[in-house]
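A quick write-up on the structure given underneath.
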Amino acid sequence: MSSMRLAFSSDAPAPLSSLAEGATGMVVGIRSDQASHGYADRLIALGVTPGARVQVLQTFPGVVFLCDQTELAVERAIARTILIRTAEAQR
Amino acid sequence: MANAPAVLKLRAHPLRIALVGQPNVGKSVVFGRLTGRYVTVSNYPGTTVAVTQGRAMVGAEVCDIVDTPGVNTLDGAMSEDERITRDAVAGPRTDLIVQVADARNIRRALMLTAQLAQLGKPMVLALNMVDEAFARGIAVDAAALAEALQIPVVELVAVEGRGLSELRDALALAARPHVPAHPHASARAVWAHDLTARVRRVSTLSLAYVQETLARATRRPVTGVPILIAVLYALYLFVGVFGAQTLVGFMEKDLFGRLINPAAIWTADRLIPFALVRDFLVGEYGVITMGLTYSIAIVLPVVTTFFLMFGFLEDSGYIPRLAIFCDRIFRVMGLNGKAVLPMVLGLGCDTMATMTTRILGTPKERLIAILLLALGIPCSAQLATILGILGGISFAALATLFAVVIGQMLLVGWLAARILKGDRSEFILELPPIRWPRIRNLIRKTQLRVWWYLGEAVPLFLIGTALLFVLDRFGALTIIAAAGRPIVTGLLGLPESTAQILVMGFLRRDYGAAGLFALARNGQLTGVQSVVALTVMTLFVPCVANFLMMVRERGLRTGLAIVSVITPVAIFTGAGLNYVLHALGVQF
């Protein structure tokens, strides 16, 4: 996306659940285990796909985040499976 | 656009055009604009859960327009409403697809476009809500998008009717989109991502401060909980006090009590020589003095005030935000936060809400939600009666009822989650933007619902009253009262006449509620009796319409099973409550 000029950390991607409120980053992927009941498919359909820009809006009681232009609320267990490469020195 | 269909063509069937798109992008608004037919429009995903068809003139041709439930995907894990859309769109009867998209969110829309393209049908892409996108600093190059996809792309502000004539014109130019075939969802995502980057510009400037501040405040616990309490209190004031006390007081005491009923009795006494017919019309169980009085004077005002307030909440985008708070509690009952939608809708009408359970992820969740709706969620008329009767007694009475009902729902839900086989789905919910409701839509929607109430409920009230009249004539009411005595008078400690009200409550929940209301107004119920009777009524079997809907959605066996769970739960809870309240010497 041309509108993004972010510096990315070289660290390994972090789960969305570990990010603080206000943190921004980019979706790297979804860690789906064998027992997944298609939640990965549902997340992809909602736009949580590699390269999508995210911003954490709230972390309690559920995780609320903006993914591209969609505001999504997910339970913590799901937030743990969404891998994010955080932007350095943002805000 | 080479193979554009001719505008005028003789056909065996009218051209069938399906409106498809993500949830909450405005398909129903476009449908209404094209066909002139109103279908309920709200600001949350899952308002439309069934296919609606209407006629529209396009050019010189009459077309069938089909409104469908919103879909995020057409393959992989789908909910029941998504499957309904897939079947409707993929079938041979659909000739043309209009994809309605949220202009802000074309990246997601394009992922769906890629799936729709696989159906090989001519398409038009309608970018709706370009005004909101603009306010949030998002600009989409429609011409570039049309060039890339090789289909007409139209910009709309459907709620204001802007772009609709362009959409009609574009239908004649519909073409098969040029989208490379993608074997997998992630490949589609990459394609959508790249195309979006080419046609969309996002600036950091946003003009939607107020909405964004409200959106934040409603979902944070610190501000969200006080807001929820304020909303509930406003609901109580508007529906419970203004609707159930002021308006009902005027309608029942003044309009019907002083004017209509005396006039009807006066006329009947003079014009009708047969005592039987007179009694049928204006007697104790008269269709005018009881049936019409109940339905028009007691229930209509509360239903109208409720639907107004409820429509406001629906259109503001507030309701889905409650899901964030409810998720953990709902997990205890084998559900996730998303179930807050059918539960809150149940406060309007449990029958409609039973249909809305289609948006839930798994069959187990649907079953539990249907069971809990039938068990514990009072419909609008019942809720208003509860507020009207108990609000007049004391806050403690009201709190007792809600505590008992919620406690029972938690208990039954917890048990059901453990007994029933299957899983719950993960909580993933899209939050709609907060919007100031459009008065036009609010009034239209309330009007539609009030008409629906008048058309559906009033006849049943009259039939119910006629039935009571017949039962009374043949002495069957005394038999019912006698048969119910051990339970009604013995276990529940209620007056004998409550038996017939509970029976009528099955015909329609609000009919029973109105009966209790009349009883309480005449001072025939003590505080404790009111609480017990209303608790039993709230928990008791759903009305016939709700039962039929459960059967339609889940089959006869499940429907009967649900009723056979609910009935003993309701009676034993009422009995237990009656015992405890008396043992503690509570008076309210």
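Details
- Of B:236, B:209, all but one fail to be aromatic (Phe, Trp, Tyr), in contact (Cβ under 8 Å) with a residue 12 or more places away in the chain and away from chain A (no Cβ under 13 Å); the exception is B:236.
- The residues in the stretch A:74-90 that are over 11 Å from the mean Cα position of the chain (by Cα) and either at negative phi or charged (D, E, K, R) (or both) can be counted, and the count is 6.
- Some residue of the stretch B:56-65 being crowded, with 22+ Cβ neighbours inside 10 Å and modelled with pLDDT of 95 or more: yes
- Residue check for residue B:410: free of Cβ contacts under 8 Å to residues at least 60 places away in the same chain and assigned to a helix (DSSP H, G or I): no
- Scan of the stretch B:392-424 for residues that are within 14 Å of chain A (Cβ to nearest Cβ) and buried (at least 20 other Cβ atoms within 10 Å of the Cβ), ordered by number: B:424
- Considering A:25, A:29, A:51, the condition of being within 10 Å of chain B (Cβ to nearest Cβ) and either in a strand (DSSP E or B) or at pLDDT 95 or above (or both) is satisfied by A:29 alone.
- Qualifying positions in the stretch B:577-588 - part of a helix (DSSP H, G or I) and either touching a strand residue (DSSP E or B) at 6+ places or on another chain (Cβ under 8 Å) or surrounded by 14 or more Cβ atoms within 10 Å (Cβ to Cβ) (or both): B:577, B:578, B:579, B:581
- The residues in the stretch A:65-80 that are more than 9 Å from every other protein chain (Cβ to nearest Cβ) and not in a strand (DSSP E or B) can be counted, and the count is 3.
- Residue B:226 fulfils the conditions (1) modelled with pLDDT of 95 or more; (2) within 14 Å of chain A (Cβ to nearest Cβ) except for a single criterion, (2).
- Candidates are the residues of the stretch B:523-557 that are assigned to a helix (DSSP H, G or I) and out of contact with any helix residue (DSSP H, G or I) (no Cβ under 7 Å at 6 or more places or on another chain); the one that is nearest to residue B:349 (Cα to Cα) is B:548.
- Which listed residue is part of a helix (DSSP H, G or I) and within 30 Å of residue B:213 (Cβ to Cβ), from B:449, B:444, B:485, B:435: B:444
- Meets criteria (among the hydroxyl-bearing types (Ser, Thr, Tyr) and in contact with a Pro (Cβ under 9 Å, 6 or more places away or on another chain)) for residue B:362: no
- Count - residues of the stretch B:215-245 that are more than 30 Å from residue B:301 (Cβ to Cβ) and part of a helix (DSSP H, G or I): 9
- Selection within the stretch B:188-206: residues that are surrounded by fewer than 19 Cβ atoms within 10 Å (Cβ to Cβ) and assigned to a helix (DSSP H, G or I). The member of this set that is farthest from the other protein chains (Cβ to nearest Cβ) is B:191.
- Pairs where the first residue, in the stretch B:54-83, is farther than 30 Å from residue B:361 by Cα and more than 14 Å from every other protein chain (Cβ to nearest Cβ) and the second is of a type in the set (S, T, N, Q) and surrounded by fewer than 23 Cβ atoms within 10 Å (Cβ to Cβ), C-beta under 7 Å, 6+ apart: B:55/B:35; B:56/B:35; B:64/B:53
The values are calculated or read from the model by the stated rules, or taken from the named source; none is laboratory data. These figures come from a predicted structure and were not determined experimentally. Here the Cβ is made from the backbone with ideal geometry for all residues, glycine too, and neighbour counts use every protein chain on show.
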